[in-house]
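*Asks:* Have a look at this one.
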Amino acid sequence: MEFKKPNRHSRRPGQDISPRGAAPVISRPIPHPAPTAIPAQQSASPTPGDQTQKHSPSSQTRRILLSRKTLIIASIIVVAGTSFFAVKALRPETKEVATTPTYKTVLPNKKSINELGGWKRISPPEKDPVFAYADTIGDVPVSISQQPLPESFKNNTDTQVAELAKKFNATTKIDAGDTAVYIGTSAKGPQSAILAKANLLIMIKSEKKIANTAWADYAESLQ
C-alpha cells in the first residue's frame, strides 16, 4: 500500500484560507467609543440663536409700549397746542392795565400824590382809565376822581358838564375862579361835586356836607 504525504496547505475545518502574505481579515466588528455625555450646565446654556429667540417677544413688547407711549405724548402735545391757539383766537387780546395815570392830572397846591396815598384805579380794565386819590377838605374826607375830558365834552364844555351834573342831581352851581362847580347834596348829608379843569373831568365825593366856600377854595387849588 502507498501512503501520500499530507498536503501542507490543507485546511482544517472552520479555518479561512488567505493568500500568503495578505493581512488577516478581522471578522469581528470594531467597537466604537461611547458618546460622551454633555455636562448639564453646558447643555443648559442657550446658543446665541436661542437667546435671540427667547428675548425677541419681550423686546418686541417693549418696542410696542414705547411706540404707544410716544404716540400718546405726541397726541397730548398736539391737542394742547391746538386748544391754546383756539382759545387765543376766540379770546381778544387783553390790554395791559395801567396802574397810574398816563395822562396829565391836577393836585391840590403844595401836595404830592405820595402824601395823598397814591393813585387808585377805579374803572374796570376794559373801560377807559379813571384814577382817584383821597384827601380832606377841612376835616371832611373826600375822594377825587379824574379822567380825560371825553371827546363829546370838548365842544361846549360848560354846557356838557351842566347836563351831566343834572343827571347826578348836582344842581347847585358855584364859581371857583374861572371854573364852574356843580354840587349835589343827598338827604343823609354826603355831597358830590362835578367840574371840568385842565382838560379833565373831575368828580369829588364827600362823606358829609361841606360849605360852598370850602368847595370853591379846593376846586381853585387844583393845579
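*Asks:* Which pairs do you get when a residue that is crowded, with 22+ Cβ neighbours inside 10 Å, found in segment 203-223, comes within reach of a residue that is part of a helix (DSSP H, G or I) and hydrophobic (A, V, I, L, M, F, W, C), reach meaning Cβ atoms under 9 angstrom, with the pair 6+ apart or on two chains?
*Replies:* Correct list of pairs: ILE204/TRP215; ILE204/ALA219; SER206/TRP215.
*Asks:* Let me ask something else about it. Has segment 173-180 got any residue that is modelled with pLDDT under 95 and farther than 17 Å from ASN156 by Cα?
*Replies:* Within segment 173-180, one or more residues are modelled with pLDDT under 95 and farther than 17 Å from ASN156 by Cα.
*Asks:* Let me ask you something else. Out of GLY184, GLY138, which single residue is closer than 20 Å to LEU107 by Cα and touching a helix residue (DSSP H, G or I) at 6+ places or on another chain (Cβ under 9 Å)? Even if it seems obvious, please write down each step before you answer.
*Replies:* Working: GLY184 fails: closer than 20 Å to LEU107 by Cα.
After applying the criteria, what remains is GLY138.
*Asks:* Taking interchain pairs and intrachain pairs at least six residues apart, which have beta carbon atoms under 7 angstrom, with the first residue in segment 137-153 and within 19 Å of ILE113 (Cα to Cα) and in contact (Cβ under 8 Å) with a residue 24 or more places away in the chain and the second in a strand (DSSP E or B) and among the hydroxyl-bearing types (Ser, Thr, Tyr)?
*Replies:* From segment 137-153, the pairs are ILE137/SER206; VAL140/SER206; VAL142/THR136; VAL142/SER206; ILE144/TYR133.
*Asks:* Also: Check segment 147-155 and report whether any residue there is surrounded by 15 or more Cβ atoms within 10 Å (Cβ to Cβ) and either among the polar types (S, T, N, Q) or more than 51 Å from the chain's Cα centre (by Cα) (or both).
*Replies:* Filtering segment 147-155 down to residues surrounded by 15 or more Cβ atoms within 10 Å (Cβ to Cβ) leaves 147-149, 153.
Checking the rest, the ones that are also either among the polar types (S, T, N, Q) or more than 51 Å from the chain's Cα centre (by Cα) (or both) come to 147.
Yes, segment 147-155 has at least one match.
*Asks:* Pick from segment 171-201 the residues that are outside any strand (DSSP E or B) and within 23 Å of PRO101 (Cα to Cα): which of them is nearest to the chain's Cα centre (by Cα)? Write out each step before concluding.
*Replies:* First pass over segment 171-201, keeping only residues outside any strand (DSSP E or B): 171, 177-178, 186-190, 198-199.
Now narrow it down to the ones that are within 23 Å of PRO101 (Cα to Cα): 198-199.
Working: ALA198: 45, ASN199: 43 Å.
In this case the residue turns out to be ASN199.
The values are calculated or read from the model by the stated rules, or taken from the named source; none is laboratory data. Computed from a predicted structure; not experimentally measured. Using ideal geometry, Cβ is built from the backbone for each residue, glycine included, and neighbour counts are taken over all protein chains shown.
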